[in-house]
Each structure stands twice: as C-alpha cells, then as structure tokens.
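No lab work stands behind these numbers, since they all come straight from the coordinates. Fair warning: this is a prediction, and the values are worked out from it, not measured in the lab. Cβ coordinates were reconstructed from backbone atoms using ideal geometry, including for glycine residues, and neighbour counts include every protein chain displayed.
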Number of protein chains: 2
Amino acid sequence: MSEFVHVAVDAMGGDNAPAEIVKGVVNALNGCPNLKVTLTGKEDLVRAELSGQQYPADQLEILNCTEVVEMGEHPVNAIRTKKDSSMVRGLRLVREGVCDAFVTAGNSGAVLAGGQLIVLKLKGIERAPLAPILPTAKGPVLLIDCGANMDARPSWLVQFAQMGSIYMRNMTGIENPRVGLINVGTEDDKGSALTLEVNKLLKECPGINYVGNIETRDLPEGVVDVAVTDAFTGNAVLKMYEGVAKVILHELKEVLLSTVAGKIGALLIKPSLRGMLKKFDASEYGGAPLLGLRGLVVKAHGNSKAAEIQHALEQCITFKEKKINDILYTEMKLEEAAANRVKNRDKNKDNADRNNGTEKGE
Amino acid sequence: MSEFVHVAVDAMGGDNAPAEIVKGVVNALNGCPNLKVTLTGKEDLVRAELSGQQYPADQLEILNCTEVVEMGEHPVNAIRTKKDSSMVRGLRLVREGVCDAFVTAGNSGAVLAGGQLIVLKLKGIERAPLAPILPTAKGPVLLIDCGANMDARPSWLVQFAQMGSIYMRNMTGIENPRVGLINVGTEDDKGSALTLEVNKLLKECPGINYVGNIETRDLPEGVVDVAVTDAFTGNAVLKMYEGVAKVILHELKEVLLSTVAGKIGALLIKPSLRGMLKKFDASEYGGAPLLGLRGLVVKAHGNSKAAEIQHALEQCITFKEKKINDILYTEMKLEEAAANRVKNRDKNKDNADRNNGTEKGE
C-alpha cells in the first residue's frame, strides 16, 4: 500500500459545520484506504456526528479545540488571538509536518492570513495565491490569484502563472495547460503598468504555454486553463461570476413560476436544467487551493456540503501523490529564486544605508 | 419650442452600420421635435439608407467623410491619422461647439482616446470616465469607470463618484443615488492601496450618498445605483457580466433543445423568458456616456440596432436639457479644482527643480 496522506480538517468551519464536514470526511475515509484524517474542533460535537457512522476508525483522530474562528471575525486578529481554534490548530499540524494538508470551509480571510503566517511559504515563493476553479462551458479554469495579496508586483504574477500551470497539469491531467493573462484587451500594447510588464515577462517565461492577454468576456467560454491575475481583479471577477449566475437563475425561476404555461414548461425542462447546472457546479473540483505553501491548504466554499469536503480530501491525496510541491521546487528553481531574493534584499539594504548616510551627512 | 439639441452621429460605426444607425436616427427625429442630427459618413451610403424614409428633412444634415475607423484598428493611431473619418469629424463637431453631443457604435478605444484628445475634458476634470449601465434585478447601475484610464489615482475615483451620482440623479430621476466602491470586502480595512484611500476620501466627500465598499457579488442584485471603480477593474467586471450571461443563456438553449420534453418546455416558457431577457437588456438605457468632456460622447454597443441608437439620441437630449455639464461645473467646484491643479503642478515643478539642482550640485 502506498504511503498515508494525512489531512487535518476543520470540523467547525462553514455554514454546515460540523454535520456536513464530518459526513464528507466519513465518505472520503470509506473510499480512500491511504487517507488519514485529524478532525480539529469541539470533540463532543464531532463525536455526536460520528456516532452510528461506519468508517475505518484507525484512520481518524479528533483533536479537541476550545475555540472557533467565526465567519465575520477580523482575519488576522482571529489567527493571532484564537490559538486554540480549530483553524489555527489545523494549520499548525501542517506547519509541524504532522499533516500534509488542511481543509476548511471557514472564514476565508483567516485561512489566507493563517496559510502564509502559520504554514509558511515555500522558500523562494513571493506570495501564496488562492486559486479557485471556475467551471466553464469547456471545463475548469483555474483563476489565480483571488487571495489576500493586494497591490501585486509583476514577479508575483509570473510565479502564479508557473504554479497554476503545474497545478492544472498534474491535478487535471491537461497536458499543456493554456495560460492567459486577464487584461483590458488582447493586444500587447493594452493594459495597466502591471499587466503590460507581466505580459512581457510571461512571453519569456520557460515551461508554460502562455497564450497572451485574455478578456474576461471570453473566460466563461473556457479559452484558457489558467487565468492569471492580481488578487484584487481576481476577487472582483470571481464574485461577479457568482453574482451574475445567481441572479439569472433566480430570475429565471421567478419568471417560470409566474405563469401556468411557465410552470408546466419548468416541469418539463427540469431534468435538462439539472444537467446544465451540474456542468457549472464547482464543488466536484473540491475547494480552492492556497498554493506555494509548505503543505496544501484548501479553502472549500462556506456553504459546502459533504460532497465538496470529500472532493477536497481527494484533492489533497492527489496533490501529495503527484508530489506537486516537489515539482514546484524543481521547475520554478525556488532555491535559486530564494538566493536571488536574499541578494536583492541585501543590495536594497546597502542602498538604503548609503542613502541614509547621505541624508544624515547633509 | 425649446432650444434645439444638435447631435453628431457616426453613420459608419458598429456591426450594423450604416443601415441600423440611419434607421435609429430617423426614428429619433420622428419622435423628438427639438432634435437636430448631423450624420457623419459616406454620403452615398447614407443617402441610400435614407431614400424612401419619412423624417423632418430640415432637422437632418449629412457630413460626407471619406474615411472610416475600423473596429480592429489601433485607437490612438486611427484618431491621429484618419482626420477625415466619420468618428474624428463627429468628435470635432462637438469640440467646435457645432454639436452638443456625439453618438457612435464604432471602435471603443478610438472613442475613448478621441473623446479626451479631440473633444477635451472640462476644466478641472482629471480623467473622463466611460460609464456603462448594468441592468440588474432592481434597475440600472452605473459602472464608472470602464474606460481607458489605467493606473488610477484616488482623486480620479472621487471625481467619478461625483460625476456618476450627478448623472444618475438627473438622467434617471433617482433622488439620492446610492454610491458604492467596488472592493474585495465591505469592511473599511479591506482593499488595495487605491481602494483603502478612496474609501476614506468618499466618506468625506460632500454631495454624494456614499454607502461604502461593495463586493461585485452583490452588484447584479442592484445594491447601489453607482458603482465606482478603476477602469481596469471596471473593464474586467463589465466583460465578465457579459460573458457569464452569454454562456448561461447559450447553455440553457442547448440543453432545452437537446430533448423532446425540453423542446416542448422551451415553447411554453418562451414568453416568460422574453420578459426576463428584456429586464436585462441594456439597450433601452442608450449607450455608455463618456463623462467630464466639454460635450457628451455616447458609446453605443458595437452590435447596436436602431432602438439603441434612438435611445442614445434621447439620452443626449436629456443630458443637454438637464444641463448636466453645468451641474458638474457647479457641484464639483471645477473652477476651484482646476486652480488647485495648476497650483499643485507648479509646486511639484518647483520641488523637482530644487531636487534637480541638489543632484547636479553633488
């Protein structure tokens, strides 16, 4: 049997915790003989959900935590002060090397902060991006970054393109993922200072299949496999996707149920409609990975049901079995990148010292 | 009878030019006794479309132009070199004060460049924003800016908020338009360097009903009347809106027509569906205004039909009758703003001179 993959799961995170989280874990354990799970959270509540369930008991542990990071809490404060929360304890298990990955449906901001502050970035990685999957007419697109990294620098986006490409190649089996840069037009002379520079850098970046600038209008049609952007834009695009889809489907429902003909029509189209909605259902891809950390952190939707948690656990298994962090390390030459960063920092420090000296001397 | 409103219309711009453009102009002329139109474009083609049509002939002129700015052309180059194009001549009519407004369905980039380069900005306006209407479940939202103003400064967005608010109040009759700032979260401590600063400034900005940060997820539900953002984000959000709506409706159609039950259902729901699609049809609001210029420039969709052109002309009439530019001038204290800008420029120049002097002296 292959090596165990050990995943910490936040039993208290999300709208349906702990019931759906525990159910998802049980289902995953019953399907994956090499999975080990540590559920972090209030032990009595977790035990209540587990009672009567069938699962390989030696593959499941519970780590009792007295605190919970609530959905509305200030992310960084929560991470700093709630040391005994299910989220902080779960992230620490990854940092300490006890677990390979951490899955949570809890407070997004806290996961993003905690990922970089507790699990820590891989040496040489400048920022850890959050990369949700957008389901499209032609399959999944990885939207990288939608995280907390405001005011991006060009070099961050180049690393996002590399990480996204490696992730999609290994996780979904797309051989040569098409990487595009979200911009205001497809031409090379279009864009902000950031995208003009990144477009140039990505053209020269080895190891990725860069297809150039793309417009968000073409994203839902699946023109690329990896859509690179800064976290601010990614956030706006992702939430617009959710918002438009929600409103259109809601209006459609209202309008159908407002007339008798519509009601009959609705009954007739229900099975077809369900098929279509399934195509646009992101939950089968698991959650959004926070990449570039020493272990995998997966952010599942706040309203996750058991199926999404189960898929997130399967995602953690694939991530470890495919050795994605080893591949990032080698292909992105992270050792070298880290050394360069230290060199640049020292150079900048020298310059700063010199400038300070001059100023003081005046 | 009230004063005439004189509008230049680009007969050659857009996918359906000149036929639909001319038809839209004829319909508008037949409904608006105080409208005067100058159609810019190839006179023989325009005359061919006009032949057999009924309209008040003394309210229509044709200005023959030998060139056309094509859809794929480089915007700034086109504006600079095609002096006898229907677009450049139309914009010049506004600059020269012959016309009050210019309507085109042509090359977006060229309109944006031409608006600022040819028509020129109002004194005191820092950048002219393009502000399309997004139809939502609860009425129209003005998305300002979606134009060509990359790498925005905080002060630009404050002016966008003011312009957008004045525009919506006067054009749609919403008494106290709710103004929101697109951001990654609603809390005051969320955002990029730009949005953190703009959120602070908007809270102190007199004359607008600022409701704070908003997330794009809530935009399609109509939580605000004016959504302020930088042009890069606005562009990504607008095109995502179009892309998602297009793909969902396309998939819906495919799925309905793939089964017999679906086909029958589709026939039954067709009338209801049409009502819903009408609700989300932006064309009844006319085109996107380019605000803050010495006259109004309206960018209609590239695929505009006669109805959108007609509505764009009605939009120009309202804009002039409501004296929106006079209101901008007074409420935004543009005289003062222009004077401050000159003062700041001089101060910056003095500082630069002083710094240069120091450097040279070392």
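Table for the structure above
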{"quantity": "Mean ellipticity per residue at 222 nm, deg cm²/dmol - from DSSP H runs of n ≥ 4 across chain B, formula -39500 (n - 2.57)", "calculated": "-15500 deg cm²/dmol"}
{"quantity": "Modelled FRET efficiency - R0 56 Å, B:Lys322 with A:Glu204, Cβ distances, 0.05 increments", "calculated": "0.60"}
{"quantity": "Calculated P(r) tail over 17 Å for segment A:94-178, as whole % of Cα pairs", "calculated": "55"}
{"quantity": "Links that overshoot a 20 Å alpha carbon limit, given the list A:Lys42/A:Lys239; B:Lys36/B:Lys322; A:Lys121/A:Lys320; B:Lys279/B:Lys305; A:Lys138/A:Lys203", "calculated": "A:Lys42/A:Lys239; A:Lys138/A:Lys203"}
{"quantity": "Spacing of the two label points (7 Å from each Cα toward its C-beta) at A:Asp44 and B:Ala193, in nm", "calculated": "5.1"}
{"quantity": "Pairwise centroid distance, computed over Cα atoms, of segment B:57-103 with segment B:141-176, Å", "calculated": "26"}
{"quantity": "Kyte-Doolittle mean at least -0.5 and Cα axial length at least 30 Å: DSSP H helices in chain B", "calculated": "B:231-256"}
{"quantity": "Using a 7 Å Cα-to-Cβ projection, A:Arg80 label spacings across copies, nm, ascending", "calculated": "5.1"}
{"quantity": "Contour excess over end-to-end distance, with Cα ends at B:Glu336 and B:Glu96 and 0.36 nm allotted per residue", "calculated": "83.9 nm"}
{"quantity": "Ranked A:Phe232, A:Phe280, B:Phe160, A:Phe4, criterion: other C-beta atoms within 10 Å, fewest first", "calculated": "A:Phe4, A:Phe280, A:Phe232, B:Phe160"}
{"quantity": "For B:Ala307, label point 7 Å along C-beta direction: distances to other copies, nm", "calculated": "3.8"}
{"quantity": "Within straight-line cross-link reach of B:Lys246, aspartates and glutamates at Cα separation under 16 Å, skipping those fewer than 8 residues along the same chain", "calculated": "A:Glu215, A:Asp218, A:Glu221, A:Glu242, A:Glu251, B:Glu254, B:Asp281"}
{"quantity": "Proximal charge balance of B:Lys270 [Cβ under 13 Å; K/R count +1, D/E count -1]", "calculated": "+4"}
{"quantity": "Prolate/oblate/rounded call for segment A:133-282, Cα gyration tensor, a/c under 1.5 rounded", "calculated": "prolate"}
{"quantity": "Charge dipole (debye, nearest 20) of segment B:133-282; +1 at Cβ of Lys and Arg, -1 at Cβ of Asp and Glu", "calculated": "740"}
{"quantity": "Three-way shape call for segment A:215-337 based on the alpha-carbon gyration tensor, with the a/c threshold at 1.5", "calculated": "prolate"}
{"quantity": "Neighbour-count order for A:Ile208, A:Ile182, fewest beta carbons within 10 angstrom listed first", "calculated": "A:Ile208, A:Ile182"}
{"quantity": "Residue among A:Lys36, A:Lys190, A:Lys123 with the largest mean-square fluctuation in a Gaussian network model of chain A, springs linking Cα atoms under 10 Å", "calculated": "A:Lys190"}
{"quantity": "Theoretical FRET efficiency, 1/(1+(r/R0)^6), r = Cβ-Cβ of B:Arg345 and A:Glu3, R0 56 Å, to 0.05", "calculated": "0.25"}
{"quantity": "Residue among A:Gly275, A:Gly302, A:Gly180 with the largest mean-square fluctuation in a Gaussian network model of chain A, springs linking Cα atoms under 10 Å", "calculated": "A:Gly275"}
{"quantity": "Rounded if a/c under 1.5, otherwise prolate or oblate - chain B, Cα gyration tensor axes", "calculated": "oblate"}
{"quantity": "DSSP bridge pairs, chain B: antiparallel proportion in percent, nearest 5", "calculated": "25"}
{"quantity": "Most positive-pole-ward Cα, A:Thr229, A:Thr195, A:Gly173, against dipole of segment A:123-236 from beta carbon charges", "calculated": "A:Gly173"}
{"quantity": "Teacher prompt: A:Leu120 distances to equivalent labels in other copies, 7 Å Cα→Cβ, nm", "calculated": "6.2"}
{"quantity": "R0 of 22 Å, Cβ-Cβ distance B:Ala57-B:Glu314: FRET efficiency to nearest 0.05", "calculated": "0.60"}
{"quantity": "Reachable aspartates and glutamates from B:Lys323, criterion Cα separation under 18 angstrom, eight or more residues apart if same chain", "calculated": "B:Glu3, B:Asp100, B:Glu175, B:Glu314, B:Glu331, B:Glu335"}
